[in-house]
């Protein structure tokens with residue numbers, strides 16, 4: 001069994017706790033990414049980055065609130081954390 005399958009099974013088994021923790025984690029990491037983007041400037045390119053961070057973080061929150069399937073919510077969490085992490089790295093290196 002892969003790491004993804006194990007984590008998805010664990011997430012699905014205790015969905016409410018995982019979704020709640022995911023909202024805190026996604027929002028926290030998204031806010032760090034947004035702060036770093038704004039610290040680097042306010043040009044159009046930075047606003048596009050900021051918009052993508054906000055859209056992906058809100059996508060996850062909407063998936064949880066609309067009570068979609070645990071697999072969809074888990075994949076949305078991975079996407080949200082991945083996008084925020086990428087923008088954190090990009091803005092720390094620039």
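Here, each number is a calculation from the coordinates, and none is a lab measurement. Nothing here was measured: the structure is a model prediction, and the numbers come from that model. For neighbour counting, all protein chains shown are included, and Cβ atoms are generated from backbone atoms with ideal geometry for every residue, glycine included.
Each row is one residue, and each column tells you yes or no for (1) under 14 Å from residue 79 (Cα atoms); (2) free of Cβ contacts under 8 Å to residues at least 60 places away in the same chain; (3) assigned to a helix (DSSP H, G or I).
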site: 11; (1), (2), (3): no, no, yes
site: 20; (1), (2), (3): no, yes, yes
site: 28; (1), (2), (3): no, yes, yes
site: 54; (1), (2), (3): yes, yes, yes
**OP:** Give segment 56-91 a look and list any residue that's surrounded by fewer than 12 Cβ atoms within 10 Å (Cβ to Cβ) and touching a residue at least 12 places away in the same chain (Cβ under 8 Å), or say none.
**Re:** 71
Subject >> Residue check, residue 49 touching a residue at least 60 places away in the same chain (Cβ under 8 Å), assigned to a helix (DSSP H, G or I) and farther than 19 Å from residue 65 by Cβ >> reply: no
**OP:** Hey, can you tell me all the residues within segment 31-53 that are farther than 11 Å from residue 87 by Cβ and under 11 Å from the mean Cα position of the chain (by Cα)?
**Re:** 31
